[in-house]
Each structure stands twice: as C-alpha cells, then as structure tokens.
1. Go through region 14-37 and give me each residue that's in contact with a helix residue (DSSP H, G or I) (Cβ under 6 Å, 6 or more places away or on another chain) and more than 14 Å from Asp109 (Cα to Cα).
2. Could you say which residue among His93, His105 is open to solvent by less than 50 Å² (accessible area, probe 1.4 Å), under 13 Å from the mean Cα position of the chain (by Cα) and not small (Gly, Ala, Ser)?
3. Counting just the residues of region 2-15 that are of a type outside the set (Gly, Ala, Ser) and over 17 Å from Asp51 (Cβ atoms), which one comes out most open to solvent (accessible area, probe 1.4 Å)?
4. Quick check on this structure: which one of Pro79, Pro58, Pro18, Pro85 is in contact with a strand residue (DSSP E or B) (Cβ under 9 Å, 6 or more places away or on another chain) and surrounded by fewer than 17 Cβ atoms within 10 Å (Cβ to Cβ)?
5. Condition (residue is among the basic types (Lys, Arg) and farther than 15 Å from Ala6 by Cα) applied to region 84-104: is it met by at least one residue?
6. If you take the residues of region 33-46 that are assigned to a helix (DSSP H, G or I), out of contact with any strand residue (DSSP E or B) (no Cβ under 8 Å at 6 or more places or on another chain) and not acidic (Asp, Glu), which of them is farthest from Pro85 (Cα to Cα)?
7. Looking at Thr16, Thr50, Thr24, Thr33, can you tell me which residue is farther than 28 Å from Asp116 by Cα and among the hydroxyl-bearing types (Ser, Thr, Tyr)?
8. What residue, of Asp101, Asp51, is in a loop (DSSP other than H, G, I, E, B) and without any contact (Cβ under 8 Å) to a residue 40 or more places away in the chain?
Amino acid sequence: MKVRAARGAIVVSEDTAPSVHASTGRLLEALLTGNDVAHDDLISILFTVTDDLRSAFPAEAARRMGMGDVPLLCAREIPVEGAMPSVVRVLMHFHSERALDEVTHVYLDGAEKLRDDLDAAT
C-alpha cells in the first residue's frame with residue numbers, strides 16, 4: 001500500500017451549520033467512493049474554508065460520519081483578492097494501491113471552476 005492524497009472542493013450555498021455540514025458530507029462521500037477508500041485506509045483529512053464561512057467547522061461533518069478517530073484539521077484559506085467565495089476544500093490522505101494518476105479528485109457545485117486542468121467529470 002502507498003500513501004495517496006485526493007483533493008476536493010465544494011461551494012456551500014449559504015453560511016449555516018446545516019449547509020456547511022451537508023456540503024462537506026457530500027464532498028467527503030464523493031471522495032471516499034471515488035477512490036474506494038475504506039475507513040481503516042484513512043490517514044488524515046485537512047479542511048480549509050474561505051473567510052466568509054464562519055458558521056461551522058467542516059470537520060464536524062466528518063465526525064458525524066463516524067470519522068472521529070481520524071486526525072482532522074480545519075484552517076482558513078489565504079484571502080486572495082478575487083478568489084471564489086463560500087468554498088470548503090479538502091485534502092484527504094489515505095492508503096491505496098492506486099497509482100497517482102488513478103486518484104480521483106472531486107469538485108462540486110461550482111468548485112469545478114477552480115481546476116480547469118482536471119477532467120470536467122471529476
């Protein structure tokens with residue numbers, strides 16, 4: 001097994017705890033499913049949020065999904081002028097037999113615009 005990392009992002013529709021948790025949960029589920037990652041394969045997950053999202057920690061969504069034993073960390077994105085607002089980003093580290101080019105990165109609900117170098121289906 002090798003250590004791999006998958007990136008993902010999602011635009012949150014409104015700055016409320018239920019919206020942040022639901023969006024983050026959807027993104028995590030897509031990353032786990034898309035990379036065939038079992039709970040025991042997880043190493044850690046880093047979450048970042050843009051400055052306008054202040055209602056909840058995205059890591060709460062992971063804990064609610066049963067990932068309380070996985071190291072989770074939240075941080076703020078660098079506030080770059082003109083950056084896309086209302087975005088939760090994820091960097092998920094996991095054990096896998098996948099090659100680097102087989103790792104699936106997931107961008108949802110408008111966050112696809114952040115990565116024009118990836119296939120539009122991801």
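The values are calculated or read from the model by the stated rules, or taken from the named source; none is laboratory data. A quick note: this is a predicted structure, and the numbers were derived from the prediction, not measured. Note: ideal-geometry Cβ built from the backbone for every residue, glycine included; neighbour counts use all protein chains shown. Heads up: the accessible areas ignore ligands, DNA and RNA and are worked out on the full protein's heavy atoms, side chains in. Shrake-Rupley method; radii C 1.70, N 1.55, O 1.52, S 1.80 Å.
1. His21, the sole residue that qualifies.
2. Answer to the check: His105.
3. Lys2
4. Answer to the selection: Pro85.
5. no
6. That would be His39.
7. The match here is Thr16.
8. Result: Asp51 is the single residue among Asp101, Asp51 that is in a loop (DSSP other than H, G, I, E, B) and without any contact (Cβ under 8 Å) to a residue 40 or more places away in the chain.
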